[in-house]
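The values are calculated or read from the model by the stated rules, or taken from the named source; none is laboratory data. Computed from a predicted model, the values in this text were never measured in an experiment. Cβ placement follows ideal geometry from the backbone for every residue including glycine, while neighbour counts extend to all protein chains displayed. Ligands, DNA and RNA are stripped out before the accessible areas are found, and what is left, the full protein with its side chains, is counted by its heavy atoms. Shrake-Rupley method; radii C 1.70, N 1.55, O 1.52, S 1.80 Å.
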Amino acid sequence: MRVYVPLTLSGLAEAYKTGELGAAEFVAYAVTPALREWYLSDDIEELEYAALGRAALASLRLLAADPGAPRRRVVVAVDVPDGAATTDPDRGLDPAALGEVRVAGRVPLAEAAAVHVDLSDAEADVAAAAEALEAADRGDDDAQFVVDGAEDHELLWYATQEIPNLLGSVD
């Protein structure tokens, strides 16, 4: 099963240093039954793109919680065994949890399929979105517009071999 792990560049640096993603259990995003129902598509590529988008929003939440992290969203795509990722039945109807899964155990970073990262030209919009996220969650339409501005930036695809270059570009 392909899962999308939200990180920050600081989190990616830590994963690169340790060679592993996550801890004993960590949150990722995937094509779940709830995501399929919400997105209303049978196209697996569209569904995976939706899961990637949910992980990008989770990465934005990590940035909001870590003001010292570079203002670029990071998502690592990795394949895990089907039984390793599970949904929380108590959060199944929560719109904030669409596509959310819990991955049991650490996953070697070497098994990642790709890394998706914002370009540096997105940093101002991502920083503004991280600042506006709390207000957007409370229903502020202007703040939601700012958060949507970050979503207008596409995350670029990088091979895992490019991680050292990505991390070096933010030193």
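Summary of computed values
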| read-out | value |
| --- | --- |
| Zero-based 5 Å bins, Cα pair distances in region 125-171, whole percents | 5, 21, 18, 14, 13, 13, 10, 4, 0 |
| Whole-Hz couplings from phi, Karplus 6.51/-1.76/1.60, listed for region 155-163; x for Gly and Pro | 6, 8, 8, 10, 6, 4, 5, 8, 4 |
| Anisotropy class of region 55-155 from Cα gyration tensor, a/c 1.5 cut | oblate |
| Accessible surface of ASP42 - all protein chains present, 1.4 Å probe, nearest 10 Å² | 150 Å² |
| Rounded percent of accessible protein surface that carbon and sulfur make up, the chain, 1.4 Å probe | 51 percent |
| Two-site label geometry, TRP157 and ASP140: point separation in nm, points 7 Å out along Cα→Cβ | 3.7 nm |
| Note, ³J(HN,Hα) from phi for region 6-18, Karplus 6.51, -1.76, 1.60, rounded to Hz, x at Gly and Pro | x, 9, 10, 4, 5, x, 5, 4, 5, 5, 5, 5, 8 |
| Anisotropy class of the chain from Cα gyration tensor, a/c 1.5 cut | oblate |
| Per-residue HN-Hα couplings for region 63-71 [Karplus 6.51, -1.76, 1.60; θ = phi - 60°; Hz; x = Gly/Pro] | 5, 4, 7, 10, x, x, 6, x, 7 |
| Estimated distance in nm for a label pair at ALA124 and LEU40, the labels positioned 7 Å out from Cα along Cα-to-Cβ | 3.7 nm |
| Per-peptide average of other Cβ atoms within 10 Å, ordering 49-58, 113-122, 14-23 highest first | 49-58, 113-122, 14-23 |
| Neighbourhood net charge (9 Å Cβ-Cβ; Lys/Arg +1, Asp/Glu -1) for THR87 | 0 |
| The chain, relative contact order [Cα under 8 Å, separation at least 6], % | 28 percent |
| Accessible surface, the chain, averaged per residue in Å² (probe 1.4 Å) | 53 Å² |
| ARG138, ARG106, ARG2, reordered so the largest accessible area comes first (probe 1.4 Å) | ARG138, ARG106, ARG2 |
| Over region 2-99, relative contact order from alpha-carbon pairs under 8 Å, at least 6 apart, % | 45 percent |
| Surrounding net charge for ALA104, when Lys and Arg each add one and Asp and Glu each subtract one, Cβ distance under 13 Å | -1 |
| Anisotropy class of region 1-80 from Cα gyration tensor, a/c 1.5 cut | prolate |
